[in-house]
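Written below as structure tokens is the structure these notes are about.
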Amino acid sequence: MNTTVSYLSTFRAKDGTEALMRLELQRLVSFTRREKSCVACDLFQLTTNKKIFVVQTVWSSRDVWMSRKGWEHHPAGPGLLDQCLQRPVEVVPIEEVA
């Protein structure tokens, strides 16, 4: 039985901060990939709206993910994310169907 869990987190950049948002999310994704319980972490940017970024993460268990305190309290620190982020970050669970 597969116990991993997957989540999509959607980030919206403030006007004019798309490049900064990309750099900050790349930093957080790089750090997240090194976390022991992280199975996968990938960053995407919408082609139809460059202000929207999506991070897909896969974790070893739901409990591990729930013990985290969200992106705003990431262990790597928020860095400059607060300066370019329109709140709230939307996080939804997803499951593989095929």
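Values quoted throughout were computed directly from the atomic coordinates according to the rules given, and no laboratory measurement underlies them. The structure displayed is predicted, hence computed values, not measured ones. Positions of Cβ are generated from backbone atoms using ideal geometry, with glycine treated the same way; all protein chains shown enter the neighbour counts.
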Inter-site label distance for Ile94 and Ser6 at 7 Å from Cα along Cβ, in nm: 0.6
Principal-axis tilt of helix 18-33 within the chain, Cα atoms, nearest 10 degrees: 20
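Multiplying the sequence separation of Gln56 and Lys36 by 0.36 nm and subtracting their Cα-Cα distance, what value in nm do you get?
Values: separation 20, 0.36 × 20 = 7.20 nm, distance 1.65 nm.
Here the answer is 5.6 nm.
When the chain is fully extended, how far beyond the present Cα-Cα distance does Leu23 get from Thr47, taking 0.36 nm per residue of separation? Present the calculation step by step, with values, prior to reporting the outcome.
Numbers: separation 24, 0.36 × 24 = 8.64 nm, distance 1.71 nm.
Roughly 6.9 nm would be gained on extension.
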The chain - mean residue ellipticity at 222 nm from DSSP helices (-39,500 (n - 2.57) per run, n ≥ 4, rounded to 500): -7500 deg cm²/dmol
Mean separation of Cα contacts under 8 Å (6+ apart) over length of the chain, as relative contact order %: 45
